[in-house]
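Chemist: Next up is a structure, given as structure tokens.
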Amino acid sequence: MIKKINEKLHSIFKWKLRELIKNVIGLTIFCFGINFFIEPNHLYTGGILGLSQLINRFINDLSGSNIYLTGIIYLMINIPLLVTAYFAISKSFCARTIFTVGLQTILLDIIPIPEKPLVNDLLTNVLLGGTIVGIGMAHILSSTGSTGGTDIIGIILTQKHPKFSVGRFALGFNAFVFGISGILYGVSTMIYSIMYSVIENLSIDRLHDQNVSSCATIFTKQKPTDIINFIKSDLDRGATCWEGKGIYDDSKTYITYIVLSRYELHKLEKYLEIKHPDVFLVKNDFVGVDGDFKKRLSK
């Protein structure tokens, strides 16, 4: 039964059941943090969601109502981006993003927003909200999911302009959102929103393996044909191989070197542990990488 579910999920999303579950859990945590700690304090997140919050509040200010439309607005902004992602990135990435954005819209609408903040101190709300939302987002990204928005725009621009940085684009877009919030609703709102965003991103960086660049050096006595095939087919990465000589016993050794994300490194370790338990593996995290190295959300 689980095998059939995994096959179906893989054919549509390139997911397994555990990745789907991780995505749903992450989305639930993410939306809980937004609705319980950010919305009651009238603070703003970055990206398209933050822009959606601003539009929702602007509509309410004009109409004198208090209708929560952030999730719907977020979905509407993402629709043209999702169409673009379908053609420009990949069908599986688009499918995962449609699922994630759709469920996020539902959860933002059904998770109640308290009339008053749970904690009176604003700074405490910022710390709790940033940490909780960051944990949720790390789970979403670790499942190879995407909440759309600036992720899609950034990836497309990076494909067209190799020197373009997704991080810089997100930073610039967030500056725009926070700047507008400061102009319309005061400097205090802007400052606390920025603090929340910093804490959220620190939490993501601590937990999200795909943000970390790693390298692995694999030593084998036999030609690493199977290992190279796994790297190419399952990780969609390249590698460098050469022949060496073991000084201790003067034997021939094959060396394979690869740069990848820490998330991909975990997959490589599991593969080697099962298929090639006798290999010698040297690995390093947080390596500096220049040049044409793709940091991706997923395959």
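The values are calculated or read from the model by the stated rules, or taken from the named source; none is laboratory data. Quick caveat, the model's predicted, so the values are computed rather than measured. A quick note on method: Cβ atoms are made from the backbone with ideal geometry, for glycine too, and the neighbour counts reach across all protein chains shown.
Chemist: Among the residues that make up the range 282-290, is at least one of them surrounded by 13 or more Cβ atoms within 10 Å (Cβ to Cβ), of a type outside the set (Ser, Thr, Tyr) and modelled with pLDDT of 75 or more?
Modeler: The answer is yes; a qualifying residue exists.
Chemist: While we're looking at this one, here's another question. So how many residues does the range 57-70 have that are modelled with pLDDT of 90 or more and either within 22 Å of the chain's Cα centre (by Cα) or within 23 Å of PHE99 (Cα to Cα) (or both)?
Modeler: 1
Chemist: Please enumerate the residues belonging to the range 1-40 that are hydrophobic (A, V, I, L, M, F, W, C) and not in a helix (DSSP H, G or I).
Modeler: Filtering the range 1-40 down to residues hydrophobic (A, V, I, L, M, F, W, C) leaves 1-2, 5, 9, 12-13, 15, 17, 20-21, 24-25, 27, 29-32, 34, 36-38.
Hits for the range 1-40 are MET1, TRP15.
Chemist: OK, next. Which of the residues belonging to the range 123-138 are touching a Phe, Trp or Tyr at 6+ places or on another chain (Cβ under 6 Å) and surrounded by fewer than 21 Cβ atoms within 10 Å (Cβ to Cβ)?
Modeler: LEU128
Chemist: As an exercise: evaluate LEU51 against (1) closer than 19 Å to PHE32 by Cβ; (2) at pLDDT 90 or above and give the number of the one condition it does not meet.
Modeler: With (1) closer than 19 Å to PHE32 by Cβ; (2) at pLDDT 90 or above applied to LEU51, the lone miss is (1).
Chemist: Sticking with this one: Please work out which residue is surrounded by the most Cβ atoms within 10 Å (Cβ to Cβ), limiting yourself to the range 139-154 and to residues that are over 13 Å from PHE30 (Cβ atoms) and among the hydrophobic types (A, V, I, L, M, F, W, C).
Modeler: Once the filter is applied, the top-ranked residue is ILE152.
Chemist: A follow-up question, please. Mind checking which residues of the range 42-64 are out of contact with any helix residue (DSSP H, G or I) (no Cβ under 8 Å at 6 or more places or on another chain) and among the aliphatic types (A, V, I, L, M)?
Modeler: Those that are out of contact with any helix residue (DSSP H, G or I) (no Cβ under 8 Å at 6 or more places or on another chain) and among the aliphatic types (A, V, I, L, M): ILE59, LEU62.
Chemist: Kindly list the number of the only condition in (1) surrounded by fewer than 21 Cβ atoms within 10 Å (Cβ to Cβ); (2) part of a helix (DSSP H, G or I); (3) not hydrophobic (A, V, I, L, M, F, W, C) that fails for PRO114.
Modeler: In the conditions (1) surrounded by fewer than 21 Cβ atoms within 10 Å (Cβ to Cβ); (2) part of a helix (DSSP H, G or I); (3) not hydrophobic (A, V, I, L, M, F, W, C), PRO114 misses (2) alone.
Chemist: Would you check which residues across the range 48-73 are surrounded by 18 or more Cβ atoms within 10 Å (Cβ to Cβ) and over 19 Å from TYR185 (Cβ atoms) and list them?
Modeler: If the condition is that a residue be surrounded by 18 or more Cβ atoms within 10 Å (Cβ to Cβ) and over 19 Å from TYR185 (Cβ atoms), then GLY71 is the only one that fits.
Chemist: So which residues in the range 232-265 are within 30 Å of ASP205 (Cα to Cα) and either assigned to a loop (DSSP other than H, G, I, E, B) or among the basic types (Lys, Arg) (or both), if there are any at all?
Modeler: LYS232, ASP234, LEU235, ASP236, ARG237, GLY238, ALA239, ARG262
Chemist: Please verify whether the range 30-45 includes one or more residues that are surrounded by fewer than 19 Cβ atoms within 10 Å (Cβ to Cβ), hydrophobic (A, V, I, L, M, F, W, C) and closer than 19 Å to ASN201 by Cβ.
Modeler: Within the range 30-45, one or more residues are surrounded by fewer than 19 Cβ atoms within 10 Å (Cβ to Cβ), hydrophobic (A, V, I, L, M, F, W, C) and closer than 19 Å to ASN201 by Cβ.
Chemist: Those residues that are over 16 Å from LEU103 (Cα atoms) and either of a type in the set (D, E, K, R) or under 15 Å from the mean Cα position of the chain (by Cα) (or both), I need them from the range 16-43; list them, please.
Modeler: Within the range 16-43, LYS16, ARG18, GLU39 qualify.
Chemist: Right, something else. Return the pair list, or none, for Cβ contacts closer than 6 Å from residues in the range 269-281 that are in contact (Cβ under 8 Å) with a residue 40 or more places away in the chain to residues that are assigned to a helix (DSSP H, G or I) and of a type outside the set (Ser, Thr, Tyr), at least 6 apart or on different chains.
Modeler: Short answer, once both residue conditions are applied: TYR271/PHE230; VAL279/LEU272.
Chemist: What are the pairs with Cβ atoms under 7 angstrom where one residue, in the range 155-182, is in the same structural domain as GLY47 (by TED's automatic domain parsing) and closer than 15 Å to VAL198 by Cβ and the other, located anywhere, is modelled with pLDDT under 75 and surrounded by 15 or more Cβ atoms within 10 Å (Cβ to Cβ)? Sequence gap at least six, or different chains.
Modeler: ALA170/GLY154
Chemist: A follow-up question, please. Collect the residues in the range 82-111 that are hydroxyl-bearing (Ser, Thr, Tyr) and in a helix (DSSP H, G or I), keeping them in residue-number order.
Modeler: Listed by number, the residues that qualify are THR84, TYR86, SER92, THR97, THR100, THR105.
Chemist: What residue, of LEU51, LEU43, is touching a residue at least 12 places away in the same chain (Cβ under 8 Å) and part of a loop (DSSP other than H, G, I, E, B)?
Modeler: After applying the criteria, what remains is LEU43.
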